[in-house]
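Peer 1: Here it is: the structure, laid out below.
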Amino acid sequence: MVAEGTSAGVDKNKALADEARPVFERLRKGLKNVQLYRHNTERYPEYLDPFVKGLQELLARHSMISLKLDAVAYKLGQHVVFEDDGREANLIYPLWQAGIRLLIFKNGVTADEILRFFLLCFGASEAERKNRGEDIITQLWKAELECIEYVVVEGFKVVADEELEDVEVEVEKVVAYLYRQLQSNSDDYLRFARVNSEDLDMQLDGVDQMRGSVIQGVTATPGDKARIQQMLGREEARQLSKMVVVLFQLLELDTTEENFEDVAEAFVQLLDALLLSENFAAIQQIRERFHHSGQKPNAKQATRDLVQRCELRFVGRMGESQRVQAIGNTLNSGIAKDPDGVRNYLYALGVDAIPSLIDMLETLQLLPNRRLVCDVLAAIGGAYVETFAQRLTHPSSNLVKDMIYVIDKVNPPNKFQIFATVLEHPNAILRLETLAVIGRSGGDECFDYIARVIKQHPDAQMRSQAARMLPNFPADKGAGLLLGIIVSEAFEKASDSEKKALFAAVVMMHAPQTDQFLRDIFDQKSGMFAKKRVDDMKLLAIGGLEAAPSIPGLQMLAQVAQDLKRHNKDVCEAARAAAINVKAKLLGS
Amino acid sequence: MTSDKKGAAIGQVDLKKAQQPGVQRGRDTKLQQLGRQTISTLYMLVRNVKMYDPDNDIFVQPFENLRTAINTIVAVDGLYQLQACGTTVYVNNKQLQLDFASLDNVRFLTEEFKARDVGGFNVARPVQLQELKDFIWIFSPRNEASVEEDGVQGKKLLNIKVGKFAKIRDQLDKMEDNAIESERKVDRKKYALTVYARTIYYMRKFIERLQSGGQLPSMSPAQRLVQDFVDIAAEQRSHFLGMTTTRSVDEYLLFHSVNTMKIAIVFGQELGLSRAQMHELGMAALFHDIGMAEIDPGILNKRRQLTKEERRRIDLFPLHTVKTLLKGRSLDMGMTKRIIASYEAKVDYSVPMKDKDGNVKLMLPKVELGVYGSVINIAATYDALTSARPFRESYGPEVALTLMISDMQYKFDPFLLRVFMKVMAIQPVKVLPPGQQVISFG
């Protein structure tokens, strides 16, 4: 950056600004892609590559660019190079607000450095910043960007309402005190002295030199340093579990009413950290430890009371909707890695969390995770069937299926009465699936529902499906109903698929009435007046035998196929083809 | 000049805070608040004067608010000086901290200023409503006159002095450039003293707040200070470590906290820690003993035998700092590490086994303590041993190191202690005899 006092300075800054402006426009485009495709982190370098190349070329020509910051712009002198007044993901304001007033890009800056810098500014690490309790300057400092420097202009204050001048006065006093100490020449002081004020003015070039001595030495070897890094690496994974130990020590030994809130809140924040790292096992251990601590025989009653209050607070906060939703987000990222841990967590929430769990269930996409949550609901929601039943009219078919699953598991006495409401649901698949659930049960109550559907339901698919369910019921009931429908006038009006379904049910019934019915159909000869109807019935019967393969059915088909006197050619061929298929199915080929 | 027997510093300065007469508390904050208020009101007035005459009733309250704010600043500071260009706004040479939501309004205002060749204005005496109206008139579409220092023709300003845009823009540029240059040209060696002093000041404030039961100060200043310490330790290692000899008997905790941090940072540097790791270590070390601020000094400094209750309080020392740090109610990863490190810094590494002569022979490690806690344990012990306390004299560095490597060795991670010995042994404590030029450590 050249001072703009001179016209040469003005020209140079303007020329550089004109060169830099289009380069930084590429940054804007690149970051737009980063924002749009936030989850494609592996493509971030690709999105920013045009800007990176442009900046590197610019720096190769000019060796260094120093950009002043105001609240919304990077500037060279008074010339704006890049402006950002967007509310979201602003590149400039967070830096300015933190006190940064100058950014310096140096030649040799790598693509990785540029990417890391702008992603930091972009707020890509906002969540991590908050998680670590760091501001952007600390993050930039830790990033150790060799070719990107920044200058922070801020006064030193400890608390907001301090006066800068007051602080400077106090700091100067301490500086004076320190300086006086360093100038001391007393014997006592010399025993401890490592530096004096003259040393402050000395230049040291590669060696430690003080008071006439030259010292060289090796402290930690490369092996030592590597060992330290390994230790630190191992510790990273143990931080939270260590924190648990410390907090429990504090709770058991040194917590009173005065600091109870601090301790209880710390446990809740620890809970959030464990949730973030999906460490459900640790959460379970905390609950067990609470229980254990609250029962310690040698603990004072006051301590036990505090432990129990803390436990109640902890479990209560576990069930808050934002935490339950956080678990939902975790489950949506893949099959649960620790299903038992998740299950234990959700069990612990108790009945108060049922609405939150149902809300969470609505957002889940993967079936195994949905089942996991449903199992929990079924386990804790025995007395809350009505809550589940209310959701049976929900527009989300997944949720309705889940509620059916849960109610089925809870198995209340009026289960089928509840399910019957879904038989009228607008969603056809839900209707059919619920019908299947009812049909599988085989009880008298269910038979009534099935019978009602066969006779009255407006949806042909439902009627067909209901018919297929009838073999699950006692033959005396099912057979009579089936045959009654087939011989009724309504049968003639039914669709082909419905007729086939009815005949398939007849075959599967394996009741004396239905078997005789089939034999009666094949015994008829095609007369002059009812030929079509007789043949149609025979074809339907053949279709039924094919749909429900069995040995007796195969024998029947074989007889029909060979009896050219009784049956016409079409019927015989149909019977032959059906027999071949049935044989194949029975033999498994 | 001599020292007293307690090893008190030579020429001890009273470090306690002195009240500066005549300076109002919270002046900076008030100035910021009033400054922003004036900007926001000016924006509203300049925008609406495009549609309404300044004498319109809708302006009555805003003008009154503006007059009150300006005159309050004049009463406190002796003047109101506004300098504005783009989104940079200074009031009485202090840059206003603008929140993001107000930037659009500020830009509108400064663009309007610029269009009339106005960069700001000064007021040295209490201003009247009519004069403010006459100033706002400058921005009315019915004003066709050019703006001079005393306003426009027919509506001259008495107390308000208008600043020309180009001049104020140049002034602001220069102010910003000067601020940047003063940051870049800091003498790093002497800056080390300033950072040290600031840290002492910060910790003093922190402890005062703690002891008075007030809200704890933010740790952001401490983060910055530790960053500076890490940088200075890398650039000026010897000077840096040398300053750990400074201490004060009366404010033992302050200096002990800061010196422990510095020793820990140098130690961490020798161990090859990264910058981020040294920062974490430094923060943990700075606050490792903060819980002591809430302990009765009568117990800490007691010379006689402790009572059972006092002994119980002492035994809970590892938890005191934990309790204190939890008051901030913010358990992010950084704070978690600080808490664990401060707790583990007070836990002995192992259980000593002594032979028949009473010499420590075998140590059984207790638990796997973290690196930070172990480093801080060593640094804090060294600093404590070399500090005079009410109940004992200070030990010299050689004696302290000898104690740590012999009778006290069970307290420390032996691997770390070995490295620490080398680090501290490198720092010379006396001039070599003539003829001996080099001491080497393997």
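Peer 1: What is the number of the single condition among (1) more than 14 Å from A:Ala547 (Cα to Cα); (2) open to solvent by less than 10 Å² (accessible area, probe 1.4 Å); (3) of a type outside the set (Lys, Arg) that A:Pro474 does not meet?
Peer 2: Result: A:Pro474 fails condition (2) only.
Peer 1: Here is a follow-up. Surrounded by fewer than 20 Cβ atoms within 10 Å (Cβ to Cβ), part of a helix (DSSP H, G or I) and modelled with pLDDT under 90: is that true of B:Gln211 in this structure?
Peer 2: Yes; evaluated as a whole, the condition is true for this residue.
Peer 1: In addition: One residue is enough: does the stretch A:99-110 have a residue meeting the conditions more than 25 Å from B:Lys185 (Cβ to Cβ), modelled with pLDDT of 85 or more, more than 11 Å from chain B (Cβ to nearest Cβ) and under 42 Å from the mean Cα position of the chain (by Cα)?
Peer 2: Within the stretch A:99-110, one or more residues are more than 25 Å from B:Lys185 (Cβ to Cβ), modelled with pLDDT of 85 or more, more than 11 Å from chain B (Cβ to nearest Cβ) and under 42 Å from the mean Cα position of the chain (by Cα).
Peer 1: Do we have B:Leu42 as at pLDDT 95 or above and open to solvent by less than 10 Å² (accessible area, probe 1.4 Å) here?
Peer 2: Yes, satisfied.
Peer 1: Please list, ordered by first then second residue, the pairs with beta carbon atoms under 7 Å, 6 or more apart or interchain, first in the stretch B:217-237 and more than 7 Å from every other protein chain (Cβ to nearest Cβ) and assigned to a helix (DSSP H, G or I), second charged (D, E, K, R) and open to solvent by 40 Å² or more (accessible area, probe 1.4 Å).
Peer 2: Pairs that qualify, where the first residue is more than 7 Å from every other protein chain (Cβ to nearest Cβ) and assigned to a helix (DSSP H, G or I) and the partner is charged (D, E, K, R) and open to solvent by 40 Å² or more (accessible area, probe 1.4 Å), are B:Leu225/B:Arg198; B:Val230/B:Arg275; B:Ile232/B:Arg188; B:Glu235/B:Arg188.
Peer 1: Quickly run through the stretch A:77-98 and pick out the residues that are in a loop (DSSP other than H, G, I, E, B), in contact (Cβ under 8 Å) with a residue 40 or more places away in the chain and more than 28 Å from A:Lys12 (Cβ to Cβ).
Peer 2: A:Glu88, A:Ala89, A:Ala98, listed by residue number.
Peer 1: Let me ask something else. If I ask for residues that are touching a Phe, Trp or Tyr at 6+ places or on another chain (Cβ under 8 Å) and part of a helix (DSSP H, G or I), which ones from the stretch A:309-339 would you list?
Peer 2: Just the residues of the stretch A:309-339 that are touching a Phe, Trp or Tyr at 6+ places or on another chain (Cβ under 8 Å), to begin with: A:309-311, A:313-314, A:318, A:327, A:338.
Those that are touching a Phe, Trp or Tyr at 6+ places or on another chain (Cβ under 8 Å) and part of a helix (DSSP H, G or I): A:Arg309, A:Cys310, A:Glu311, A:Arg313, A:Phe314, A:Met318, A:Ile327.
Peer 1: Scan the stretch B:270-292 and tell me whether some residue there is touching a Phe, Trp or Tyr at 6+ places or on another chain (Cβ under 7 Å), of a type in the set (Gly, Ala, Ser) and touching a residue at least 24 places away in the same chain (Cβ under 8 Å).
Peer 2: Checked the stretch B:270-292: at least one residue is touching a Phe, Trp or Tyr at 6+ places or on another chain (Cβ under 7 Å), of a type in the set (Gly, Ala, Ser) and touching a residue at least 24 places away in the same chain (Cβ under 8 Å).
Peer 1: Counting just the residues of the stretch A:232-261 that are β-branched (Val, Ile, Thr) and open to solvent by 60 Å² or more (accessible area, probe 1.4 Å), which one comes out nearest to the chain's Cα centre (by Cα)?
Peer 2: Per the stated criteria, the residue is A:Val245.
Peer 1: Being open to solvent by 60 Å² or more (accessible area, probe 1.4 Å) and in contact (Cβ under 8 Å) with a residue 40 or more places away in the chain is the filter; apply it to the stretch A:283-295 and report the residue that is farthest from the chain's Cα centre (by Cα).
Peer 2: Result: A:Arg289.
Peer 1: Quick one: which residue in A:Ile450, A:Ile429, A:Ile521 is out of contact with any strand residue (DSSP E or B) (no Cβ under 8 Å at 6 or more places or on another chain), open to solvent by 30 Å² or more (accessible area, probe 1.4 Å), β-branched (Val, Ile, Thr) and in a helix (DSSP H, G or I)?
Peer 2: A:Ile429
Peer 1: Can you tell me which residue is most open to solvent (accessible area, probe 1.4 Å) among those in the stretch A:477-492 that are of a type in the set (Gly, Ala, Ser) and in a helix (DSSP H, G or I)? Show your work before the answer.
Peer 2: Step one: filter the stretch A:477-492 for residues of a type in the set (Gly, Ala, Ser), giving A:478-480, A:484, A:488, A:490.
From what's left, in a helix (DSSP H, G or I): A:478-480, A:484, A:490.
Numbers: A:Gly478: 0, A:Ala479: 0, A:Gly480: 44, A:Gly484: 38, A:Ala490: 65 Å².
Among residues in the stretch A:477-492 that are of a type in the set (Gly, Ala, Ser) and in a helix (DSSP H, G or I), the one most open to solvent (accessible area, probe 1.4 Å) is A:Ala490.
Peer 1: Looking at the stretch A:262-282, I want the residues that are open to solvent by less than 50 Å² (accessible area, probe 1.4 Å) and have a partner that is aromatic (Phe, Trp, Tyr) with Cβ atoms under 8 Å, at least 6 apart or on another chain. Which pairs are those?
Peer 2: A:Ala264/A:Phe314; A:Phe267/A:Phe314; A:Val268/A:Phe314; A:Leu271/A:Phe314; A:Leu274/A:Phe280; A:Phe280/A:Tyr345
Peer 1: I'd like the full set of residues that are closer than 22 Å to B:Asp315 by Cα, of a type outside the set (A, V, I, L, M, F, W, C) and more than 14 Å from every other protein chain (Cβ to nearest Cβ), limited to the stretch B:325-378.
Peer 2: Result: B:Asp348, B:Ser350, B:Pro352, B:Asn377.
Peer 1: Does the stretch B:267-318 hold any residues that are under 21 Å from A:Lys225 (Cα atoms), of a type outside the set (Gly, Ala, Ser) and either out of contact with any helix residue (DSSP H, G or I) (no Cβ under 7 Å at 6 or more places or on another chain) or not in a helix (DSSP H, G or I) (or both), and which are they?
Peer 2: Residues satisfying the conditions are B:Leu271, B:Leu273.
Peer 1: Does B:Asp332 satisfy being open to solvent by 10 Å² or more (accessible area, probe 1.4 Å), within 22 Å of A:Leu240 (Cα to Cα) and not hydrophobic (A, V, I, L, M, F, W, C)?
Peer 2: yes
Peer 1: In the stretch A:30-78, how many residues are within 14 Å of chain B (Cβ to nearest Cβ), crowded, with 18+ Cβ neighbours inside 10 Å and either of a type in the set (A, V, I, L, M, F, W, C) or touching a Lys or Arg at 6+ places or on another chain (Cβ under 8 Å) (or both)?
Peer 2: The number of residues fulfilling the criteria is 10.
Peer 1: Which pairs turn up if I take residues in the stretch A:316-330 that are closer than 9 Å to A:Ala353 by Cβ and in contact (Cβ under 8 Å) with a residue 40 or more places away in the chain and look for partners that are of a type in the set (Gly, Ala, Ser) and open to solvent by less than 30 Å² (accessible area, probe 1.4 Å) with beta carbon separation below 7 Å, at least 6 apart in sequence or on another chain?
Peer 2: From residues that are closer than 9 Å to A:Ala353 by Cβ and in contact (Cβ under 8 Å) with a residue 40 or more places away in the chain, the pairs are A:Met318/A:Ala348.
Peer 1: Would you mind stating whether B:Ser182 is closer than 30 Å to A:Val167 by Cα and part of a loop (DSSP other than H, G, I, E, B)?
Peer 2: Here the answer is no, as B:Ser182 does not meet what is asked.
Peer 1: Taking the stretch A:160-191 as the search range and keeping residues that are facing chain B (nearest Cβ under 7 Å) and more than 59 Å from the chain's Cα centre (by Cα), which one is modelled with the highest pLDDT?
Peer 2: Among them, the one singled out is A:Arg180.
Peer 1: Which residue out of B:Val347, B:Val375 is in contact with a Leu (Cβ under 9 Å, 6 or more places away or on another chain), among the aliphatic types (A, V, I, L, M) and surrounded by 22 or more Cβ atoms within 10 Å (Cβ to Cβ)?
Peer 2: The match here is B:Val375.
The values are calculated or read from the model by the stated rules, or taken from the named source; none is laboratory data. Computed from a predicted structure; not experimentally measured. When we count neighbours, we look across all protein chains shown, and the Cβ atoms used for this are built from the backbone with ideal geometry, even at glycine. Just the protein is used for accessible areas: all its heavy atoms, side chains included, with ligands, DNA and RNA removed. Shrake-Rupley method; radii C 1.70, N 1.55, O 1.52, S 1.80 Å.
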